[in-house]
Amino acid sequence: MIATDTIISLAKKTIETERDAIAQLSSLLTDDFASIVNCIIEAKGRVIISGIGKSAIIATKIVATMNSTGTPAIFMHAGDAIHGDLGTVQDNDLVICISNSGNTPEIKMLVPLIKRGSNKLIAMTGNTDSFLAKQADFILNTHVDKEACPNGLAPTTSTTAQLVMGDALAIVLLEIKGFSSSDFAKYHPGGSLGKRLYLRVADLVSKNQVPQVQKDEEVKKVIVEISKKMLGVTAVLDGEKVVGIVTDGDIRRMLNKHDNIKGLTAKDIMTTNPKTIPANTLAIKALEHMQKKGISQLLAMDKDSYVGVIHLHNLINEGIL
């Protein structure tokens, strides 16, 4: 068995090698970076990102980041591009080619085909003397002194540098475009992040039954209503106006206090001035309110009208908590 200290030491060495390379990356930024940002902002076409091998995998991640942060992008595999997928590139598109060496056969074949059109070519490479760099309109220099791989073979530090440079580009574009949290939510409707930004109390209340009793109804009816609607609570109304709330905890306290519940009504055991929340409130705000007050449900209101209950379980089920 390999000693724990040895394993941890090797892991730290890898992390520190990549950390040092990333720390130096900012010093490699030139005016080209600013020119690239302006080209992307002003472009009438799309951003197409291409690579081969591990660089292709990094390219797909950068594409995903750009698409989710307001810069539409498309991935084109460099190997597939020279076998038909070059049709992806249209007039006015801007092409970013990622290659650490900048001299792979596929890149050497692809670059002239891109250059014959009116497309801007951006090289993301660790070799500024490479074929790719010399053919490019702009360069993103991702040079690293060494790979974390002790044999210097497996792309490790170099691909991390590519990923970080791609993140820098995407986030600069995000900030300059003023891409907001509400914009982010449009592209992430299914994830918990998006739900925090767009899901409202009304969306969750609509999935629940609406427990309610009149203030003069007997406690037996209150118990049935709470049990039937399965939310651990019921609103107490005077006509259509909410005047109180009864929780399952109130029921337990009542049973401990009274040997005979005959004659007791909802108004006798309810809590007045119940905690409410507007139905158009973001669900995340409802969660914050529950946590602050130490409660697990709120009555949802549409102006003065009671529309239902939002329960902590709704928020958990939606992945908001």
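The values are calculated or read from the model by the stated rules, or taken from the named source; none is laboratory data. Since the model is a prediction, treat every value here as computed from it, not as a measurement. Methodologically, a virtual Cβ is constructed for each residue, glycine included, from the backbone with ideal geometry; neighbour enumeration extends over all protein chains shown.
Just give me the residues in the range 129-185 being part of a helix (DSSP H, G or I) and among the hydroxyl-bearing types (Ser, Thr, Tyr), in sequence order.
Going residue by residue through the range 129-185, those that are part of a helix (DSSP H, G or I) are 131-135, 157-177, 181-185.
157, 158, 159, 160, 181, 182 - these are the residues of the range 129-185 that are part of a helix (DSSP H, G or I) and among the hydroxyl-bearing types (Ser, Thr, Tyr).
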Filter result for residue 217 (surrounded by fewer than 19 Cβ atoms within 10 Å (Cβ to Cβ), under 25 Å from residue 299 (Cβ atoms), at pLDDT 90 or above and of a type in the set (Asp, Glu)): yes
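For the range 288-300, give me each residue that is on the phi < 0 side of the Ramachandran plot and surrounded by fewer than 20 Cβ atoms within 10 Å (Cβ to Cβ). Reasoning before the result, please.
Step one: list which residues in the range 288-300 are on the phi < 0 side of the Ramachandran plot, which gives 288-293, 295-300.
Selection gives 288, 289, 291, 292, 293, 295, 296.
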For residue 178, work out the one condition from (1) at positive phi; (2) buried (at least 17 other Cβ atoms within 10 Å of the Cβ) it doesn't fulfil. (2)
Just one of 127, 38, 92 is within 31 Å of the chain's Cα centre (by Cα) and modelled with pLDDT of 95 or more; which is it? 38
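Mind checking whether some residue in the range 76-89 is over 21 Å from residue 119 (Cα atoms) and surrounded by fewer than 17 Cβ atoms within 10 Å (Cβ to Cβ)? Can you show your working first?
Start the filter on the range 76-89 by keeping residues that are over 21 Å from residue 119 (Cα atoms), which leaves none.
So far as the range 76-89 goes, no, none of its residues is over 21 Å from residue 119 (Cα atoms) and surrounded by fewer than 17 Cβ atoms within 10 Å (Cβ to Cβ).
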Set 49, 41, 36: member being of a type in the set (Val, Ile, Thr), assigned by TED's automatic domain parsing to the domain that holds residue 111, out of contact with any Gly (no Cβ under 6 Å at 6 or more places or on another chain) and loosely packed, with under 14 Cβ neighbours inside 10 Å: 41
Return the residue satisfying two criteria in turn: it lies in the range 222-253 and is more than 17 Å from residue 296 (Cα to Cα) and in contact (Cβ under 8 Å) with a residue 40 or more places away in the chain, and of such residues it is surrounded by the most Cβ atoms within 10 Å (Cβ to Cβ). 222
Within the bounds of the range 300-309, is there any residue that is under 16 Å from residue 200 (Cβ atoms) and in contact with a Ser or Thr (Cβ under 6 Å, 6 or more places away or on another chain)? yes
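Quick check on this structure: which one of 207, 177 is in contact (Cβ under 8 Å) with a residue 12 or more places away in the chain and more than 30 Å from residue 139 (Cβ to Cβ)? Break it down stepwise before answering.
Values: 177 fails: more than 30 Å from residue 139 (Cβ to Cβ).
The conditions single out 207.
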Just to confirm my filter: which helices (runs of 4 or more DSSP H) fall fully inside the range 197-257 and include at least 2 residues that are under 14 Å from residue 270 (Cα atoms), basic (Lys, Arg) and in contact with a Leu (Cβ under 6 Å, 6 or more places away or on another chain)? none
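Hey, among 285, 267, which residue is more than 18 Å from residue 240 (Cβ to Cβ) and either out of contact with any Gly (no Cβ under 6 Å at 6 or more places or on another chain) or in a loop (DSSP other than H, G, I, E, B) (or both)?
Working: 267 fails: more than 18 Å from residue 240 (Cβ to Cβ).
Matching residue, one of 285, 267: 285.
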